[in-house]
Amino acid sequence: MPTEKSQRPNIIVILVDDMGFSDIGCCGSEINTPNLDRLGDEGVIFSGMYNCARCCPTRASLLTGLYPHTAGVGHMVNNLGITEYQGYLSDRCVTIAEALKLGGYRTLMSGKWHVGGYYSTDASSWRPGEVGHPMPIQRGFDEHWGTLSGAGSYFWPHTLIHDDTFIDRPDDGFYLTDAISEHACEMIDRAVNDEQPFFLYAAYTAPHWPLQAWEEDIERYRGKYAQGWDALRTSRHEEMKGKGIVNEKWEITPRDETVPPWEDIQEQTWESLRMAVYAAQVDRLDQGIGQLLDKLEERGIADNTLVMFLSDNGGCAELLREDGPRGSVRGETLDGHTVKLGNYVENTPGDADSFMSYDTQWANASNTPFRLYKHWVHEGGISTPLLVRWPERIKAGHMVHSPAHVIDIMATCLDAAGVAYPDEYDNREIAPLEGESLIPACTLDGWKRARPIFWEHEGNCAVRMENWKLVKKFPGTWELYDMIEDRTELNDLASANLPQTQRMVEAYERYAERTNVLPWERVLDIYREMRKG
């Protein structure tokens, strides 16, 4: 691998939030994403990439190359603190930024952290980086601009911060997706001016709820979804098959049983507008990524910059009504209007004074053709396209169908940079790296990951081992699927192939013991005892 300063590549990891498997153009979507499509055309598309089913576990795994329980965000019930797992990075791990900084890289972050810091909408009580809750600049980043918390208004987010300085009110005309892109471009300029190779983590909040977008972007999609979610799922599935993203023999999953047929919906105009706003958020996200790619071209560094793009989980089916996430919602907008929380037809999606989601029906379309959503570890919850471009090293037009996992991002970055993973950091022992570099997959036909992949999130568990996947939805029983024949998980073979099922159950149990995964029933018992106290 290259070791001279002039040869070392710049590295950009772009992580988006709650985007479904079929939501970008090169993977079957009707949404206008020319810049992401360009990444796919000029690089490699991984169709079998996996995340950890939820925002913060994925971020912890991406940053550390470890499974979430080892990294520190495994067992979570409202971050109340179950054993040592409290929703922030532990001292058993090292971040990509910390590792690459040892190798002489400038380390930059623009966007959402969500693995530490102090979360509050009240500036008077805000305490940056309290003990045990480190922020980006305390975990290896030279500079960070963005948010600490998991969600909030795009027009006035809380926990907005630059390094360790809280930003109370942004300027007029602020929109978070635009700001993340703009600050990322400024960071690139400063690094290039200093002639230093850089690692940039661009962590967008889009298209996570709330549904908020610029009117000009919404207008491009107004009326586009008038045919409804059934037609959208069908058209996307056909596009995906045509592009080779999914195998033609994988049948599309049935419409979610909780979702009515489109023709039975009375408020079709309002429903289609919700999806239009979501599409507008993806569109604006793509525009920002275009700014990053243009900046690389402008500074003459595009060819020797490794760019990776993926999502932190599948489409989100969360419903926002009167029991919505009030901790994520400010009571008013920057100009003093009351924020209306909830998915009610009298609320118009898109504006700063609305706060709603697009619900199960549209998440079902985002995750075409797979089952379930964010939070679960069936394919709809954990599948993401991974786009990888590095013109100096990677030939364009390659597609990888073998499974890979977000824990592999750390290993890939270190491999590309020629930097070793440390055994110790800051006088503390570090857990061994779990991930495997994806650079060989980008250049070699027939690549396969050497080790199985495991999941546990709030009792939802899975194992991916060669062609097989073992999975269960809490509190259900294990299911077994042949992923070559049936990646949409429609034909459960657990009873028909008991030996394979048992082998994978045993593998999962070894993983759970090794990474200190508590049974979810036990976590809930602890939670109930804490509530009593």
Might you let me know whether the range 182-201 holds any residue that is outside any helix (DSSP H, G or I), of a type in the set (S, T, N, Q), in contact (Cβ under 8 Å) with a residue 60 or more places away in the chain and surrounded by 22 or more Cβ atoms within 10 Å (Cβ to Cβ)? no
Residues located in the range 85-113, provided they are in a loop (DSSP other than H, G, I, E, B) and either within 24 Å of R190 (Cβ to Cβ) or at pLDDT below 90 (or both): Q86, G87, Y88, L89, S90, D91, R92, T95, G103, G104, Y105, W113
Identify the residue in the range 459-504 that is of a type in the set (D, E, K, R), assigned to a loop (DSSP other than H, G, I, E, B) and open to solvent by less than 40 Å² (accessible area, probe 1.4 Å) and, among all such residues, is farthest from C56 (Cα to Cα). D486
Just the residues that are assigned to a helix (DSSP H, G or I) and open to solvent by 10 Å² or more (accessible area, probe 1.4 Å), please, taken from the range 359-403. D359, T360, Q361
Conditions: (1) modelled with pLDDT of 95 or more; (2) open to solvent by less than 30 Å² (accessible area, probe 1.4 Å). D142 meets all but one. Number of the miss? (2)
I need a count of the residues in the range 193-238 that are within 30 Å of L100 (Cα to Cα), at pLDDT 95 or above and in contact with a strand residue (DSSP E or B) (Cβ under 8 Å, 6 or more places away or on another chain). 11
Kindly provide the set of residues from the range 289-304 that are in a helix (DSSP H, G or I) and in contact with a helix residue (DSSP H, G or I) (Cβ under 8 Å, 6 or more places away or on another chain), ordered by number. I289, G290, Q291, L292, L293, K295, L296
Report yes if some residue within the range 407-414 is more than 27 Å from C56 (Cβ to Cβ) and either in contact with a strand residue (DSSP E or B) (Cβ under 7 Å, 6 or more places away or on another chain) or surrounded by fewer than 21 Cβ atoms within 10 Å (Cβ to Cβ) (or both); otherwise report no. no
Residue check, H405 closer than 30 Å to I11 by Cβ, touching a Cys at 6+ places or on another chain (Cβ under 8 Å) and in contact (Cβ under 8 Å) with a residue 60 or more places away in the chain: no
Does W214 satisfy being among the aromatic types (F, W, Y) and open to solvent by 20 Å² or more (accessible area, probe 1.4 Å)? yes
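Is at least one residue of the range 426-447 over 30 Å from Q196 (Cβ atoms) and either touching a residue at least 24 places away in the same chain (Cβ under 8 Å) or crowded, with 19+ Cβ neighbours inside 10 Å (or both)?
yes
The values are calculated or read from the model by the stated rules, or taken from the named source; none is laboratory data. It should be emphasised that the depicted structure is a prediction, and the values quoted were computed from it without experimental measurement. Here Cβ is always computed from backbone atoms with ideal geometry, including for glycine, and neighbour counts include all displayed protein chains. Note: accessible area is taken over every heavy atom of the protein model, side chains too, but ligands, DNA and RNA are not part of it. Shrake-Rupley method; radii C 1.70, N 1.55, O 1.52, S 1.80 Å.
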